Structures are given as C-alpha cells and as structure tokens.
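**Q** Please read through the structure below; I'll follow up with questions.
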Amino acid sequence: MYFVVLWMHICMRTNCVQLLLNELSKIPPCTLPTSPAGSTVQPQPMLSGVWKLLLAWYYRGRRSTPQDKSKVVSLLEDAASQGCTEAMHLLARQYERGSYFKRDTNKSASLYQMAADGGDPSGVFYLGRCIERGSRGFEGDITKAVALYQRAADAGNNVAMERLGSSYINGCGVGKDKAKAFSLLQQAVECGNDEALLLLGTCYERGKGVRKDTTRAVALYQRAADAGIAEAFHHIANCYYFGRGVAKNVDKAAALFQQAINAGYTASAYDLGISYRDGEGVVKDSKKAMELFYTAVMNEGCGSSEALAALGFCHLEGDGVSVVDVKTATKFLRLAAADKVTEAQEELDKIIHHSRHQ
C-alpha cells in the first residue's frame, strides 16, 4: 500500500496520468503459488481496486489536471465493487453531497455501512455521523455515534479525534472530560487536522483541560487562519477586540471580522455590525450596521439570535431607520427572546408593561 500511495504522489506531482495508466495495465492477476492439485488460488482484486481508486482521484481534477466526472464515478464504483473500502466511503461522500450525480442519502448511508464493515476508518467515522444526525435509515443515537468515533480515532482518523474531543468538551454521548478532550484535540492537530486547531485554541483561551494561555490560543488561531479556515479570523478578531492574548486593537478586530466574512464565515457579520453601530474600529454607520445584522440573520449561524435582538433595538430606537417602529421592533425582539436572548426578553417585558399602563 505504501508503494501505491508513493506512486500516486509522483503521478499527481508530475501530472503524468499515463504513467499510472501504463502501470495499471501491467498489473498481472494476483495469484498465489499453485496448490498440490495444480490449481491456482483465485486472484485477489484489492490491488486493482486501489489502482482504480488512485485513477479516480486523478480525474477529480487538480492543478492543471482536467476533470472527468464520468470516469471518477465509474472508477470509484469499480473499485468499491472489488472490495476497496476507501472507494466505498468516497463514493458515499459523492452520493451524500450530490457532487457527481443526484443526491441519495440512503445510498450514501449504505456505502458508509459497507466501508465501516470493511474496517475503513473514514467509513466508520461517517457512519457514526449518520447515526448522530439520524440520517435516513438510522435513528439518532449520540452514544452509538460516539462509540464509532472512538473506533475511528483509535484507527488513526484525525477527523474522528476532533469530533470525539468536541463530544468530551460538551458531554455529548459521554461524560464531560476536559482533559481527555484536550488530549484528543492535540492528537488530531498532530495528525494534520487543521480544523481541530480552533477547538484546541479555545481550550487554551478558556483553560479547558489545560492551563489558560491566551497567547498560545492566538497562535493556534493564526495557524488555522493560515490554513485557510475562515472561522479562525473571527476568533483572532475577538481576541483583538477584547485584548485577549494580544494588545486590544478594535481597528484590527474590525478588519479581521471583515476578513472572516470575505472568507465565508458570515457569523462575523453580527460582530462587525456592532462595530459599525458603535463606531469602534470603523466610522460609525447605523445603516451599514443594520445591513450586517440582516446578513447574520439570513445566514442563521452563530450570532443570528443576537442579530435579531440588535435589529429590534434599531427599530425601537430609530437607529439606522427613518422612523421608530415599535411594532417591527417587537417582532424581532420576540424572535430573539424565543432563542433565549436575555436582553431581548427584558426589553420585550418593558414594552408589554408600558402598553398595559398606557
């Protein structure tokens, strides 16, 4: 298997798919020595399956490589039918995403199950994720999912290490164990999982499972940002905004919130909206603030509940709008209060109390 991976690396680096095709055509049937009766043992198809997997990887299209979706699908299906578990879980991913053909979550779940049964660590992880989410054909069972994450992590899957670490932080499917969570996240990072840098940074920032070290947290967030993880810019921005691990700098914080949004992390829209509303790090602009609050609400991510409350206050105070509109403000505040935003509920209580005593 090591030779196969090395050969793939050479072919992909040099863009020489013909070398790979030539080698594939040269592979003889994988027979064992003849038995005393003179008959040969049936060929083992796994090697051929692995080569087809590598060709499929090539035809996905990278750098100057042309993409050929039909070949990707055909090769993955052939490799999976020959028992290549890596191909099974990759094919399942395509069915789940609908990347190469019509989305089919039943098919993807079935393929994840097959890959997991074949011992593929990624198949085990994704099967756990299907069970956690209660995907079609599975009942939501976080405890069973965590057991599968543990199995995948033990087999070296760094994504499973991260998910398991998160489970121990939040006590989902297991008892809370911050020390164990920190250990798993550190292991995930060491195994090359850049996404785990964020959670590991949070552990250092908040002192979860390790001594609090905000400077170390910022360094980890920066590594994640350098790896292209959009959310990392948001974390660094918060550190500059509050002066955690770095000198307080609201100008830099606002710039980083904008950078996070540009990179695709729209949850930063709420925080940047606050900056524009209050004139911190940017020129005060109430209309711009409202636009950003609406962006946060529309994307329904982290900060959207607070953005609903902020919109309510804008309409209530006439900030960024032409006139005060208590009716519209009340609608936004009710939505925010339903999401357990304390300030929204308190203001809503005041409005109700005032209306009753008019």
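**Q** Local charge sum around Arg356 (other residues, Cβ-Cβ under 13 Å, Lys/Arg +1, Asp/Glu -1)?
**A** Within the 13 Å Cβ shell, the charges total 0.
**Q** Here is a follow-up. Please compute the per residue accessible area over the range 217-358 with all protein chains in place, 1.4 Å probe, rounded to a whole number of Å².
**A** Using a 1.4 Å probe on heavy atoms only, each residue of the range 217-358 averages 52 Å².
**Q** Now for a different question. Please report, as a whole percent, how much of the solvent-accessible surface of the range 167-257 comes from carbon and sulfur atoms (probe radius 1.4 Å).
**A** The C+S portion of the solvent-accessible surface of the range 167-257 is 45 percent.
**Q** Could you state the number of Å between the C-alpha centres of the range 280-339 and the range 67-144?
**A** Using only Cα atoms, the two centres lie 41 Å from each other.
**Q** Which order do Lys144, Lys252, Lys176, Lys208 take by accessible area at a 1.4 Å probe, largest first?
**A** I get Lys176, Lys144, Lys252, Lys208, largest accessible area first.
**Q** What's the local net charge at Ala344, with K and R +1, D and E -1, over the other residues with C-beta under 15 Å away? Write out the running numbers ahead of the final one.
**A** On the way: positive: Lys331, Arg334, Lys340, Lys350; negative: Glu306, Glu317, Asp339, Glu343, Glu346, Glu347, Asp349.
Once all neighbours under 15 Å are counted, the net charge is -3.
**Q** From the backbone phi of the range 331-347, what are the Karplus-calculated ³J(HN,Hα) couplings (6.51 cos²θ - 1.76 cosθ + 1.60, θ = phi - 60°) in whole Hz, Gly and Pro given as x?
**A** Going residue by residue, I get 4, 5, 5, 5, 5, 5, 5, 5, 8, 6, 8, 4, 4, 5, 5, 5, 5 Hz, with x marking Gly and Pro.
**Q** Give a residue-ordered list of calculated ³J(HN,Hα) values for the range 82-92 (Karplus: 6.51 cos²θ - 1.76 cosθ + 1.60, θ = phi - 60°; whole Hz; x for Gly, Pro).
**A** For the range 82-92, the Karplus curve yields 8, x, 7, 5, 4, 5, 4, 6, 5, 5, 4 Hz.
**Q** Please give me the summed charge of the neighbours of Glu205: other residues whose Cβ is under 11 Å from its Cβ, Lys and Arg +1, Asp and Glu -1.
**A** +4
**Q** Considering only Cα-Cα distances, which of the following residue pairs are longer than 29 Å: Lys252/Lys327; Lys71/Lys107; Lys102/Lys288; Lys212/Lys248; Lys176/Lys340?
**A** From the list (Lys252/Lys327; Lys71/Lys107; Lys102/Lys288; Lys212/Lys248; Lys176/Lys340), the Cα-Cα distance tops 29 Å for Lys252/Lys327; Lys102/Lys288.
The values are calculated or read from the model by the stated rules, or taken from the named source; none is laboratory data. This is a predicted model, so every value here is computed, not measured. Cβ sites come from the backbone with ideal geometry, for glycine too, and all protein chains shown count toward neighbours. To get the accessible areas, we keep the full protein, side chains included, count just its heavy atoms, and leave off ligands, DNA and RNA. Shrake-Rupley method; radii C 1.70, N 1.55, O 1.52, S 1.80 Å.
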